[in-house]
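Undergrad: I have a structure here, written as structure tokens, and I will follow up with some questions on it.
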Amino acid sequence: MNDIIKVKNTAYARYEEVLLQRDNLKKEAFLINRKYVAEFGDLIIQIFEKKIECIRKKKEIEFVQASINHGKTVDQEKLQEFLRKEMEEFKHQLDIMVEDTKNAKESEKITEHALLKIKRIYHKLVKLIHPDINPLTEENEELSDLWQRAQIAYNCNDLKGMEEADVLIRTLLERINVGVMEIEIPNIEEKIQEIENEIKNIRETDPYMYKYILEDKEMIDEKKQCLKEEYKSFEDYSLQLDKVIEGLMSNGVRFTWRMN
């Protein structure tokens, strides 16, 4: 089964090397982001909640002001429905952030032995069905789904998931009677260059760059202080919006309620 692919390109070894390097960096960036979210997620959520509060108040002011400009009373039912629709997406984003932070905090630590086993299985699967190497992976929907499953398990350091994907992939390849495939990867030197550019971009951008914060206690403390200051700025802005709302109320804004 390991000899499923024979390639004609002399640069194939380098191509495989950069593919693995890129995928390893993507995984590393994913895990760095998990650590970053676990460290700063609660503060980031607090900021976003306060930001949502400010957005809601601004939209309430806009609705009330529009009613005043048209000489109308403020229909409370319409106001609440307007706010519900306008804030729906923000609340959805908040739910995702809360769940993401929870998952990041609950991420299990894994032994070095398990990490090596995951890496070994992934490297074998890359040779077999990486879509940049084996065109069958994109042509066969079931194989494509299993490759995605293997990538998720690899990124999450899920040894059980990795082993299950390995078995399922090999079983599928046997079931569809895949023999030795001889392929030629076109423009392989260009593709190598593209992947090397991806590698450079991963290393020079977030979330990979978060590692330099997470490795330094002073930088962690500094980042937390910056987040606290950002929260304070939204808190102050929320109080300013309260004063605007109070001003509208004191100017005799009238509200109507619909009775059932």
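Undergrad: Against the longest alpha carbon principal axis of the chain, how many degrees, from 0 to 90 and to the nearest 10, is the axis of helix 12-69 turned?
TA: It works out to around 10 degrees.
Undergrad: Still on this model: Just subtract the alpha-carbon distance of Ile152 and Ile61 from 0.36 nm times their residue separation and send over the number in nm, one decimal.
TA: So the chain would gain 28.3 nm between Ile152 and Ile61.
Undergrad: Once you list every other residue whose beta carbon is under 14 Å from the beta carbon of Glu164, what net charge do they have if Lys and Arg are +1 and Asp and Glu are -1?
TA: Neighbour charge sum, excluding Glu164 itself: 0.
Undergrad: Moving on. Give me the 1.4 Å probe accessible area per residue for region 73-139, excluding ligands and nucleic acids, in Å².
TA: 64
Undergrad: Excluding ligands and nucleic acids, what accessible area in Å² is computed for Leu248 using a 1.4 Å probe, to the nearest 10?
TA: About 20 Å², rounded to the nearest 10.
Undergrad: For region 1-119, calculate the relative contact order in percent as a whole number, restricting contacts to Cα pairs under 8 Å that are 6 or more residues apart.
TA: Relative contact order comes out at 38 percent.
Undergrad: Per residue, how big is the convex hull of the chain when only Cα atoms are used? Give it in Å³.
TA: With only Cα atoms used, the chain gives 208 Å³ per residue.
Undergrad: With 29 Å as the limit, write out which pairs from Lys35/Lys119; Lys59/Lys223; Lys160/Lys224; Lys26/Lys217; Lys105/Lys228 have Cα-Cα distances beyond it, or answer none.
TA: In this structure, Lys59/Lys223; Lys160/Lys224 exceed 29 Å between Cα atoms.
Undergrad: For the chain, what relative contact order do you get, as a whole percent, if you take Cα pairs closer than 8 Å and at least 6 residues apart?
TA: 43
Undergrad: Which residues' amide hydrogens lie under 5 Å from the amide hydrogen of Val74, considering only partners 5 or more residues apart or on another chain, with H built in the peptide plane?
TA: Close amide H contacts, sequence-distant or interchain: Arg254, Phe255, Thr256.
Undergrad: Hey, what do the phi angles of region 89-98 turn into as Karplus ³J(HN,Hα) couplings, whole Hz, using 6.51/-1.76/1.60 and θ = phi - 60°, x for Gly and Pro?
TA: Each residue of region 89-98 in turn: 5, 5, 5, 5, 4, 5, 4, 5, 4, 5 Hz.
The values are calculated or read from the model by the stated rules, or taken from the named source; none is laboratory data. Just so it is clear, the structure is predicted and the values come from calculations on it, not from any experiment. Ideal geometry is used to build each Cβ from the backbone, glycine not excepted, and the neighbour counts take in all protein chains shown. With ligands, DNA and RNA removed, areas are computed over all heavy atoms of the protein, side chains included. Shrake-Rupley method; radii C 1.70, N 1.55, O 1.52, S 1.80 Å.
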